[in-house]
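Any read-out appearing in this document is the output of simple, stated calculations on the displayed coordinates, not a laboratory observation. Predicted model only: the values in this text are computed from it and were never measured. Because the Cβ atoms are built from the backbone with ideal geometry, glycine has one as well, and the counts that use them run over all protein chains shown.
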Amino acid sequence: MYETATEALSRRMRPGSLLVVSETLYSEELLAREPRLPADADHLALGHRKWLRCVIDVMRDSGFRIRDERVLPCAEDAARWVLELKSNIDVHFPKEASSPLEAIRRMASDLAVALLQREASVHSIVAERVPA
């Protein structure tokens, strides 16, 4: 699905246009140990985990040149924001939330731990659409 979406976006962009992506990605070390999410931990029903090299390769294959890539924000800030998101859901939907919000609530703590253990990080990627 990521490949299809990136290719479709590329077709709609003019050469020289910039794409800015912020994405939570998993470390290759974690993926070597646990290539797929356990069913009871896949709260968002993604069935897979993305990693930096994979995302970069898809972008390049879709006609983008990577102009910048870095980890932003730091792990501590990213974990704090994920837990604030969970807290916000807890406060505003103490008894029952919609299915997507429930999924976020359930995965937030695990993601915060993964961020702090450097098993995941939030990446900022700036890519330029190159001429076809």
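Around PHE64, under 11 Å between beta carbons, what's the net of Lys plus Arg minus Asp minus Glu among the other residues?
My count for the surroundings of PHE64 gives 0.
Grab the other residues whose beta carbon is less than 14 angstrom from that of LEU52, score K and R as +1, D and E as -1, and report the net.
That sum, taken over residues with Cβ under 14 Å, equals -1.
Lys and Arg at +1, Asp and Glu at -1: add these up for the other residues within a Cβ distance under 15 Å of VAL91 and post the number.
Here the charged neighbours net out to -1.
Relative contact order (percent) for the chain, with alpha-carbon contacts under 8 angstrom and 6 or more residues of separation?
46 percent
Report the charge-dipole magnitude of the range 2-129 in Debye, nearest 20, computed about the Cα centre from +1 at each Lys and Arg Cβ and -1 at each Asp and Glu Cβ.
Working: 19 positive and 21 negative charges, 95 e Å.
Dipole magnitude for the range 2-129 comes out near 460 debye.
Rounded to the nearest 500 deg cm²/dmol, what is the calculated helix-only ellipticity per residue at 222 nm for the chain, with -39500 (n - 2.57) per DSSP H run of length n ≥ 4?
-15000 deg cm²/dmol
Which of the listed residues, LEU25, ALA79, VAL126, is farthest toward the dipole's positive end in the chain, when Lys, Arg count +1 and Asp, Glu count -1 at the beta-carbon?
Of the listed residues, the answer is VAL126.
Relative to the compact-globule scaling 2.2 N^0.38 Å, provide the ratio for the alpha-carbon radius of gyration of the chain.
Taking N as the residue count of the chain, the ratio is 1.17.
So which residue, out of ALA112, ALA97, ALA79, gets the largest mean-square fluctuation from a GNM of the chain using Cα contacts under 10 Å as springs?
Among ALA112, ALA97, ALA79, the largest GNM mean-square fluctuation belongs to ALA97.
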